[in-house]
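What follows is a short report on a single structure.
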Amino acid sequence: MQQKSILSGVRVLSIEQVHVLPWGTAFLADLGAEVIRVESVEHMNDRAMGPFADGKAGEAWWNEGGTFAYWNRNKESLCLEVAHPLGKEAFLKLVKRCDVVCDNFRPGTMRRLGLDHESLARVNPAIITLSCTAYGHTGPWRAAGARARTVDAASGLTYLTGYEGGPSIRASSNYMDHNSGNNVAFALLLALYNKQKTGKGLRIDLSMQETGVQSIAPAILEAQDGYIRPRLGTAHLWKAPHGVFPCQGQDRWIAITVSSDQEWQRLRKAMGEPAWSMDARYGTVTGRWNHRHDLDKLLSEWTAPQDSKALMHHLQRCGVTAAAVYTAADLVADPHLNERSYFEAFDNKNAPAAGPRKLAGRPFRMSNYQISLRQVPALGEHNRKLLQELAGLTDGEIESLVEQGVLHTTPKPDEPRPQGGGGWGGGG
Amino acid sequence: MQGILSNVKVLELTHSLAGAFCAKLMGDQGANVIKIEPPGRGDGARHEPPFIGGAPHPERSTLFLAYNTNKRGVTLDVGTPSGKELFLRLVKETDVLVESHTPSSLEEMGLEFTALQEVNPRLVLTSITYFGQNGPYTDYHGDDLIAQALGGFLYAVTGLADRPPMGTALYQMEVTAARNAAIATMAALVQQGDTGEGQHIDVSTFEATVSVPGGLIQQYTYLGGVQRRGGGENSVMDGMHLKTLDGEVTLTTAGTGGRAMEAWAEFLGEPAILDPKFTDRRTRTRNWKELYDLVQNKLAQWNNLDLMREATARGLVIGLVQDPVQVATSPHLQERGFLLELDHPEAGRLKYPGPAFLLDGENPSAGGRAAPTLGEHNLEVYCGQLGLSTHELSALAAAGVV
């Protein structure tokens with residue numbers, strides 16, 4: 001389908017590492033912006049992360065990782081040392097031709113490099129800048145570093161997460177990278193919308209912690225009223241049954257949630273109206289909740305010999321809210337996701353040995369715009385094109401940058417090849 | 001409230017948290033949001049505990065209050081002929097409609113995209129459903145736990161290895177679907193600004209869930225590995241929660257230049273953790289109980305805010321496991337101007353989280369409004385905006401349409 005990209009003509013320079021900012025800018029790349037990932041050979045972690053096809057990091061491993069592909073889809077790569085005076089000079093030439101500059105350094109780093117908003121606005125008065133940090137650019141915690149799970153913790157999400165009656169548990173390893181990355185994309189689109197209407201730039205100071213707090217807003221109101229939600233695992237404050245129940249096979253489960261007496265009656269019918277389900281204690285919302293542990297046990301006995309997927313379909317056809325607890329293998333094989341073409345089998349030309357591999361897609365479809373996975377950039381793949389066409393550098397100037405170690409297309413010679421398949425992108 | 005989206009009109013016809021939060025994200029940036037609720041009971045979220053003050057009250061549910069700021073509210077039964085007619089008049093004037101019905105129920109009401117597009121060709125229709133607009137599960141029932149189950153989150157992410165699957169608190173998959181919906185809606189508004197055309201956006205909460213665990217899918221498609229929950233349990237330096245005087249903390253080995261144990265030994269004043277049996281992650285996990293006692297004893301002498309300040313000053317990276325009271329009273333967030341005080345006639349004065357980014361140094365939601373009471377803006381919208389007489393409005397109210 002021939003189509004004009006939504007963000008056609010929008011150009012983004014993003015000095016980005018790890019997860020949160022790459023995830024956010026990838027949305028803009030998907031929408032057709034030219035997103036230039038500015039990389040440094042001093043930080044190969046993102047490219048070393050894997051997973052590598054069949055567990056083998058190849059000769060050009062830095063272009064082959066699956067998680068790198070997922071988080072850097074449709075971008076270009078400029079491997080330029082912006083801390084070097086010549087690198088900075090070239091970067092500023094690019095800034096003149098760009099709409100957005102992003103970074104996820106700690107606050108102060110861009111200023112030290114002479115690349116803070118004020119410096120960039122002198123070069124390009126309509127520039128939009130976005131700095132994505134753990135705690136923002138102001139306030140007593142501004143200098144603190146973070147991992148996604150430390151942000152989960154500082155936001156309050158972790159405290160609220162845990163099995164019923166148990167201690168707080170790490171909510172996830174990198175949910176907050178995605179959650180904040182989603183907020184990055186929203187903020188950047190707002191700024192671009194604003195620029196479309198007014199022609200003006202904007203300085204965006206985005207905090208991962210605040211994104212987390214915003215995501216648990218009801219608990220923040222409750223805290224001011226002296227109430228803290230109990231940890232309930234997969235249980236609910238008033239609904240029962242509400243949780244996961246064992247199924248046939250090793251570590252197989254089904255989630256079932258009942259929100260009303262009507263839904264309870266549907267579940268009873270779906271179970272063939274066993275005698276225990278007639279117990280008056282289970283006849284009302286309050287009764288079911290008060291006796292939920294007994295109820296869960298009885299329901300578990302019914303689910304335990306059944307296949308989780310077949311049971312999901314049976315229950316759903318009976319109007320019961322239920323879902324099998326899926327593994328990654330289940331997801332990739334799922335008929336619904338496949339009918340919706342959710343996964344994209346991507347054949348990365350920069351990782352020919354891997355062949356096509358499926359990656360998760362976007363959870364939205366737009367009727368006037370089709371998102372597709374076009375490319376994942378090799379390290380420095382677009383160095384020459386960008387510096388020539390946008391920054392106006394001559395071949396000689398570009399050669400000089402290469403000779404002085406400011407521009408690269410391969411990691412440093414002593415960069416170790418990652419061992420094994422690589423991690424799954426956990427935040428550590 | 002002035003904001004980037006001050007000229008954008010948003011209509012919300014949802015019964016899911018994702019729909020409410022998506023519309024709120026637009027309202028937080030100044031969009032003129034009208035939330036439509038069924039007459040009588042209103043939005044289901046109004047009846048979700050807990051309630052400010054404890055006792056059930058439809059104007060005091062924290063879930064409703066939190067996700068409906070910066071909107072006006074009207075009641076309307078769009079299932080009645082006169083209700084539908086009023087709804088279509090609102091659709092005609094809006095830029096965006098956020099809705100959360102299954103495709104079949106929307107079609108039953110005659111409100112499918114093609115019908116709405118006839119009324120308003122510029123309309124951006126953002127549909128947020130659990131399973132999307134097509135596919136074999138389209139009419140299945142969903143909620144946040146169902147999304148976490150089917151989306152891979154329960155099996156792979158939060159719980160402990162030797163326990164049943166367990167998920168995150170407070171509807172994070174609804175939040176994730178809402179953020180994706182807001183992204184797609186903003187993209188559609190940018191395109192609408194270029195071409196004048198609207199479009200239909202199909203957001204699936206199930207798919208939004210699959211998109212969040214970092215490497216779930218590629219771990220399988222690249223390695224054949226099926227990621228499973230657990231792993232941080234016995235990791236004193238990388239995942240466990242340790243007690244402080246007034247709370248909990250989780251440590252990391254970041255910021256130590258590869259000399260994690262040296263840096264932490266010095267910071268805690270505990271040279272015993274320099275023992276070779278704690279040198280790397282593998283040996284630390286094997287000997288975790290010993291390490292736990294050593295580190296825990298020292299951390300127990302710190303209070304949270306002092307620990308954060310001193311650890312940060314030495315370049316160490318930690319995360320305070322803050323409870324919501326600590327978050328709501330955080331001096332850091334206070335100085336950031338992140339929490340905004342809003343008055344509500346029933347819930348009183350409370351501090352609400354902002355958009356989590358400052359624009360040119362300012363919180364863009366300052367000067368906003370608390371959640372609407374049920375039907376609060378009926379007069380303003382139906383008479384002021386659509387030009388109904390107060391007599392007509394009373395008749396609609398008597399007929400149960402508003």
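Here residue A:301 meets each of (1) away from chain B (no Cβ under 14 Å); (2) touching a Gly at 6+ places or on another chain (Cβ under 7 Å) with one exception, condition (2).
Looking at B:310, B:335, B:380, B:341 in this structure, which one is at pLDDT 95 or above, among the charged types (D, E, K, R) and over 30 Å from residue A:180 (Cα atoms)? Quick ask: steps written out before the conclusion?
Working: B:310 fails: over 30 Å from residue A:180 (Cα atoms); B:335 fails: over 30 Å from residue A:180 (Cα atoms); B:341 fails: over 30 Å from residue A:180 (Cα atoms).
Step by step, each of B:310, B:335, B:380, B:341 is checked, and only B:380 is at pLDDT 95 or above, among the charged types (D, E, K, R) and over 30 Å from residue A:180 (Cα atoms).
Out of curiosity, is residue B:74 surrounded by 23 or more Cβ atoms within 10 Å (Cβ to Cβ) and more than 26 Å from residue B:172 (Cα to Cα)? In short, yes. Report yes if some residue within segment B:36-52 is surrounded by fewer than 24 Cβ atoms within 10 Å (Cβ to Cβ), at positive phi and either of a type in the set (Phe, Trp, Tyr) or in the same structural domain as residue B:208 (by TED's automatic domain parsing) (or both); otherwise report no. Yes: one or more hits. Of all the residues in segment B:152-171, those that are more than 7 Å from chain A (Cβ to nearest Cβ), part of a loop (DSSP other than H, G, I, E, B) and under 14 Å from residue B:208 (Cβ atoms) number 1.
Residue-by-condition table, conditions (1) closer than 24 Å to residue A:267 by Cα; (2) out of contact with any helix residue (DSSP H, G or I) (no Cβ under 9 Å at 6 or more places or on another chain); (3) at pLDDT below 95:
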position: A:287; (1), (2), (3): yes, no, no
position: A:293; (1), (2), (3): yes, yes, no
position: A:305; (1), (2), (3): yes, yes, no
position: A:311; (1), (2), (3): yes, no, no
position: A:317; (1), (2), (3): yes, no, no
position: A:324; (1), (2), (3): yes, no, no
position: A:338; (1), (2), (3): no, no, no
position: A:346; (1), (2), (3): no, no, yes
position: A:352; (1), (2), (3): no, yes, yes
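One residue stands out in segment A:49-75 among those that are polar (S, T, N, Q) and not in a loop (DSSP other than H, G, I, E, B): the one that is farthest from the chain's Cα centre (by Cα), namely A:63. Residue count for segment A:48-66, restricted to those that are under 15 Å from residue A:379 (Cβ atoms) and of a type in the set (Lys, Arg): 0. Taken over segment B:125-141, the criterion of being more than 8 Å from chain A (Cβ to nearest Cβ) and either surrounded by 24 or more Cβ atoms within 10 Å (Cβ to Cβ) or aromatic (Phe, Trp, Tyr) (or both) is satisfied by B:125, B:126, B:127, B:128, B:129, B:130. Among the residues making up segment B:170-190, those that are without any contact (Cβ under 8 Å) to a residue 24 or more places away in the chain and either buried (at least 24 other Cβ atoms within 10 Å of the Cβ) or not assigned by TED's automatic domain parsing to the domain that holds residue B:49 (or both) are B:183, B:186, B:187.
On inspection, residue B:216 does not qualify as away from chain A (no Cβ under 11 Å) and either surrounded by 22 or more Cβ atoms within 10 Å (Cβ to Cβ) or not acidic (Asp, Glu) (or both).
Does residue B:6 satisfy the criteria of being surrounded by fewer than 21 Cβ atoms within 10 Å (Cβ to Cβ) and either over 20 Å from the mean Cα position of the chain (by Cα) or under 25 Å from residue A:367 (Cα atoms) (or both)? Yes; evaluated as a whole, the condition is true for this residue. Any chance segment A:383-405 includes a residue that's away from chain B (no Cβ under 14 Å), assigned to a loop (DSSP other than H, G, I, E, B), out of contact with any strand residue (DSSP E or B) (no Cβ under 8 Å at 6 or more places or on another chain) and at pLDDT below 95? No, the conditions are met nowhere in segment A:383-405.
Could you please let me know if residue A:367 is modelled with pLDDT of 95 or more, closer than 30 Å to residue B:198 by Cβ and small (Gly, Ala, Ser)?
Working: modelled with pLDDT of 95 or more: yes; closer than 30 Å to residue B:198 by Cβ: yes; small (Gly, Ala, Ser): yes.
Answer is yes for this residue.
Residue A:174 passes every criterion in (1) at the interface with chain B (Cβ under 7 Å from one of its Cβ atoms); (2) over 18 Å from the mean Cα position of the chain (by Cα) apart from (2). Against the numbered list (1) under 30 Å from residue A:199 (Cβ atoms); (2) in the same structural domain as residue B:353 (by TED's automatic domain parsing); (3) out of contact with any Ser or Thr (no Cβ under 8 Å at 6 or more places or on another chain); (4) part of a loop (DSSP other than H, G, I, E, B), residue B:2 comes up short only at (2). When residue B:197 is tested against (1) at the interface with chain A (Cβ under 7 Å from one of its Cβ atoms); (2) among the acidic types (Asp, Glu); (3) buried (at least 23 other Cβ atoms within 10 Å of the Cβ), exactly one condition is not met: (3).
Counting only residues that are facing chain B (nearest Cβ under 7 Å), in contact with a helix residue (DSSP H, G or I) (Cβ under 7 Å, 6 or more places away or on another chain) and in contact (Cβ under 8 Å) with a residue 60 or more places away in the chain, segment A:194-206 holds 4 of them.
A quick yes/no check of all residues on (1) over 27 Å from residue A:388 (Cα atoms); (2) away from chain B (no Cβ under 12 Å); (3) not acidic (Asp, Glu):
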{"position": "A:78", "(1), (2), (3)": "no, yes, yes"}
{"position": "A:92", "(1), (2), (3)": "no, yes, yes"}
{"position": "A:100", "(1), (2), (3)": "no, yes, yes"}
{"position": "A:104", "(1), (2), (3)": "no, yes, yes"}
{"position": "A:109", "(1), (2), (3)": "yes, yes, yes"}
{"position": "A:124", "(1), (2), (3)": "no, yes, yes"}
{"position": "A:130", "(1), (2), (3)": "no, no, yes"}
{"position": "A:139", "(1), (2), (3)": "yes, no, yes"}
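When B:250, B:205, B:209 are checked against the criterion of being more than 7 Å from every other protein chain (Cβ to nearest Cβ) and within 22 Å of residue A:162 (Cβ to Cβ), a single residue qualifies: B:209.
Of the residues examined, residue A:327 is not one that is at the interface with chain B (Cβ under 7 Å from one of its Cβ atoms), β-branched (Val, Ile, Thr) and in contact with a strand residue (DSSP E or B) (Cβ under 6 Å, 6 or more places away or on another chain). Checking each residue in segment B:77-124 for being closer than 19 Å to residue B:374 by Cα and loosely packed, with under 15 Cβ neighbours inside 10 Å picks out only B:79. May I ask you to verify whether residue A:98 is in contact with a His (Cβ under 6 Å, 6 or more places away or on another chain), outside any helix (DSSP H, G or I) and in the same structural domain as residue A:389 (by TED's automatic domain parsing)? For residue A:98, the condition - in contact with a His (Cβ under 6 Å, 6 or more places away or on another chain), outside any helix (DSSP H, G or I) and in the same structural domain as residue A:389 (by TED's automatic domain parsing) - is not met.
Where helices (runs of 4 or more DSSP H) fall wholly inside segment A:144-234, the ranges with 2 or more residues that are among the hydrophobic types (A, V, I, L, M, F, W, C) and closer than 30 Å to residue A:244 by Cβ are A:148-155, A:157-160, A:208-214, A:217-224.
The values are calculated or read from the model by the stated rules, or taken from the named source; none is laboratory data. Just so it is clear, the model here is predicted, and its values are computed rather than measured. Positions of Cβ are generated from backbone atoms using ideal geometry, with glycine treated the same way; all protein chains shown enter the neighbour counts.
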